[in-house]
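Once you've had a glance at the structure underneath, I'll fire off some questions.
The values are calculated or read from the model by the stated rules, or taken from the named source; none is laboratory data. Note that the coordinates shown come from a computational prediction; the quantities given were computed from them, not determined experimentally. Note that each Cβ is placed from the backbone with ideal geometry, even for glycine, and that neighbours are counted across all protein chains shown. What goes into the accessible areas is simple: the full protein's heavy atoms, side chains included, and nothing from ligands, DNA or RNA. Shrake-Rupley method; radii C 1.70, N 1.55, O 1.52, S 1.80 Å.
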Amino acid sequence: MRVPILKQGDYLIASVQSVLSDDDLQLLRDDLADRVGRFRSRGVIIDVTVLDVIDSFATRTLRAIAHMLKLRGAHTVIVGIQPDVAFAMVQLGLTLAGVGTALDLEEGLEYLGGRAHRLHEHRSFGSREEDRLGHPLRTGRHSHEHHSSRPRDEDENDHPGHASQRSLEYGQ
Amino acid sequence: MANESRIPIRTTADIVTARQKGRILAMELGFDGSDLTVIATAISEVARNIIDHAKSGEVIITRGNQGGKRGICVVAHDSGPGIADVEQAMQYGYSTRNGLGIGLPGAKLLMDEFNISSVAGQGTTITMRKWRH
Amino acid sequence: MKRQSQKQTDEATSMHHLGVRTATTGDEANEALLRQLVAHLRQNRTQLREEWASHITEAELLTSMSKEEIFTEATSVYDNYVAVLETGSVEALQAYARNLSERIIPRGVETHEVVGIVLLLRDTLARSLFKKYQGDFNLLNRVLDAYEPAANRIANTVAVSFVQERERIIRQQQEAIRELSTPVLQVRERLLILPIIGVIDTQRARQLTEQLLRGIRDNRAKVVVVDITGVPTIDSKVANHLVQTVEASRLMGASVIITGLSSEIAQTLVTIGVDLSKVNAVGDLQGGIEEAERLLGYEVIRASQSMNPEGQA
Ligand SMILES: Nc1ncnc2c1ncn2[C@@H]1O[C@H](COP(=O)(O)OP(=O)(O)OP(=O)(O)O)[C@@H](O)[C@H]1O
Ligand SMILES: [Mg+2]
């Protein structure tokens, strides 16, 4: 099922409605790329509240989407990852390095509005190397100091601006 | 209660079916909480590998009791190209197609038992189990 | 005997009206007998019920209940019992047995007592049937043949309901205890504290993480302080669980601060290869809460101060 995308001011909101197949995820990536370009959106919220599983493929796709949107000038925040899903993801060794996360849509909007971005930002985009070594069980990381426990504001420059308009309109 | 589910894996939609069936069976077998999602995620990984690396195959989910332990058993089988170096494939981060290389080692972390047997040119069978606590 | 062979089907269909089924002549004869039997038990309700109640007291069952209570419950059980014999359906009895169990389990009534009273009732009624039909040995045999399987089924139903209810209550209590042993505390809006006390094994670590993550969702928490001062030893396994908890919380949009991790332990963990780089560790709980408030307060200042980020995308 194609993911509907709403436009709200400077932002796009993609609400995943059902269990996604891989094709749906790829379609979502293309749709978002298209619209961010068309509307010059500065932030994208992907709401995954209904996803029952986020596996390596979904993670890779979400990260790829965020990466690609960033190149087009939009910041991505994933909202609504459920407790059990988050737990399974980390047990699998998956993180969303470089992608913003927030509890739900409301928090996501606030996050994009810049109020909370220091709190939720994950580390900046890692190289593929980073992806592979980012597993919590990994040993022998060479870039320790780089990520040491300083406040999570590495992605300050991702700050996309503030919320302007609150009315929802269909993106298309 | 159905104690066995066989799901042919041919398209990516079948991956979703497989993990949903797995979740339901796990629930019937008494799993709860995050374990249900953990099992569904592991199924998702091995089913996806079938699509990605072997085109088609099947996933069989059964009640997996052994001795006094009760649990669930997931078998992912295909007759694809097989894996030449299983040890390498099990390494975290190893991928032959620019994936994260997390599927196999990750599924192993999620489950309590993980067995892989693969013959190059003949196919791959993965058997994994999780016990109820 | 015929009834016995039909038992399986009966159970599967929860045995609705016996009379309606296309039955063999033998069955019909049984039905007639059962009807007779039911009439007898109804007629002698007052006396049989009293007899039973006194047997219960004699056998020293249900000692935690008063005589009046026993009599009230005995009356209900008796009526339900006869109803099952009449209709063949155990559903109502099942519901009653569960309800009864729920009421008496907290008072310490044991499984053997419940099974005991139902068997006493079975025997009280059987004795009464014996008295009534003893003149006709053949008829008595047939009456008992009709009565016995039904009576056993009733005893079984009550016992199973009781045991199930007991298990359910025990599970509930265990759950409650587990939750109590590590509460997720909300100290202020958006801030949770998880003080962990005692030994953490894999099973408990899983529960703690599940609890915390649900707490984050339910309280809409943004910062979590996990205090491990009360954890005696931390090996690499436990440490990795902590790291997972931190990562999972972040996936839900919350930051985690770990307090009570001594520098010695931290050093050991790094030596054995645990990656603590993603863990925001602060010395003690007090410091952790201050750090958390700084994080929470920080955003307020940020929001009012400047919307202009340093650097650009
Ligand atoms: N069923 C299979 N048939 C053939 N080769 C397989 C099969 N499953 C896995 N492999 C091989 O093992 C490698 C590792 O698999 P793994 O699932 O860990 O990573 P991936 O599928 O490449 O990426 P990811 O699962 O992280 O998206 C694969 O790249 C592939 O070469
Ligand atoms: Mg894979």
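Using alpha carbon centroids, what distance separates the stretch B:61-95 and the stretch B:21-58, in Å?
11 Å
Further, regarding this structure: Any chance you could check the Cα centroid distance between the stretch C:140-176 and the stretch B:112-133 for me, in angstrom?
Result: 43 Å between the Cα centres.
Do any residues of the stretch A:6-42 lose at least 50 Å² of accessible area when the full set of protein chains is present rather than just their chain alone, and if so which, with a 1.4 Å probe?
The answer is A:V19, A:D22 - residues whose exposure falls by at least 50 Å² when every protein chain is included.
In addition: Carbon-plus-sulfur fraction of the accessible area of chain B, 1.4 Å probe, in percent?
For chain B, the apolar C and S fraction of the accessible surface comes to 46 percent.
Just how far, in whole angstrom, is the stretch C:58-127 from the stretch A:6-46 if you go by their alpha carbon centroids?
Centre-to-centre distance over Cα atoms comes out at 63 Å.
Also, I was wondering about something else. With all protein chains present, how much of the accessible area of the stretch C:17-140 (probe radius 1.4 Å) comes from carbon and sulfur, to the nearest whole percent?
Using a 1.4 Å probe with all protein chains present, the stretch C:17-140 comes out at 53 percent carbon and sulfur.
In addition: Which of the pairs C:K67/C:K132; B:K69/B:K108; B:K130/C:K222; B:K21/B:K55; A:K70/B:K55 have their Cα atoms more than 27 Å apart in this structure?
Beyond 27 Å: C:K67/C:K132; B:K130/C:K222; A:K70/B:K55.
Let me ask something additional. Taking a probe of 1.4 Å, how large is the accessible area per residue of chain B, in Å²?
44 Å²
Working with all protein chains in place, sort C:V199, C:V82 by solvent-accessible area computed with a 1.4 Å probe, largest first.
From most exposed to least exposed: C:V199, C:V82.
Computing the accessible area with a 1.4 Å probe over protein heavy atoms, can you report the carbon and sulfur percentage for the stretch C:234-293?
54 percent
Using R₀ = 41 Å, calculate the FRET efficiency as 1/(1 + (r/R₀)^6) where r is the Cβ-Cβ separation of C:L139 and C:E50; round to 0.05.
0.95
If you rank C:E73, A:E107 by how much accessible surface each has, with a 1.4 Å probe, what is the order from largest down?
Largest to smallest exposure gives the sequence C:E73, A:E107.
Related question: Report Rg/Rh for chain B, rounded to two decimals, where Rg is the Cα radius of gyration and Rh the Kirkwood radius.
My calculation puts Rg/Rh at 0.95.
Between A and B, buried accessible area summed over both sides at probe 1.4 Å, in Å² to the nearest 100?
Summed over both sides, the interface buries about 2400 Å².
In addition: With a 1.4 Å probe and all protein chains kept in place, how much accessible area does C:E28 have, in Å² rounded to the nearest 10?
Counting only protein heavy atoms, C:E28 exposes about 100 Å² to solvent.
A follow-up question, please. Could you give the accessible area per residue of the stretch C:116-252, probe 1.4 Å, as a whole number in Å²?
Heavy-atom accessible area per residue stands at 46 Å².
Buried accessible area between C and A (1.4 Å probe, both chains summed, ligands and nucleic acids excluded), in Å² to the nearest 100?
3900 Å²
To continue, here is another question. Please identify every one of the chymotrypsin sites (Phe, Trp or Tyr not before Pro) in the stretch B:71-133 that sits in a loop by DSSP and has no more than 12 other beta carbons within 10 Å of its own beta carbon.
Of the chymotrypsin sites (Phe, Trp or Tyr not before Pro), not one in the loops of the stretch B:71-133 has a Cβ with at most 12 other Cβ atoms within 10 Å.
Residue by residue through the stretch C:200-208, what is 3J(HN,Hα) from phi via Karplus (6.51 cos²θ - 1.76 cosθ + 1.60, θ = phi - 60°)? Round to whole Hz and write x for glycine and proline.
Once θ is set to phi - 60°, the couplings for the stretch C:200-208 become 9, 10, 4, 4, 5, 4, 4, 4, 4 Hz.
The stretch A:50-91: which residues show an accessible-area loss of 50 Å² or more, assembly versus chain alone, 1.4 Å probe?
Flagged in the stretch A:50-91: A:D52, A:V53, A:D55, A:S56, A:R60, A:P83, A:D84, A:F87, A:A88, A:V90, A:Q91.
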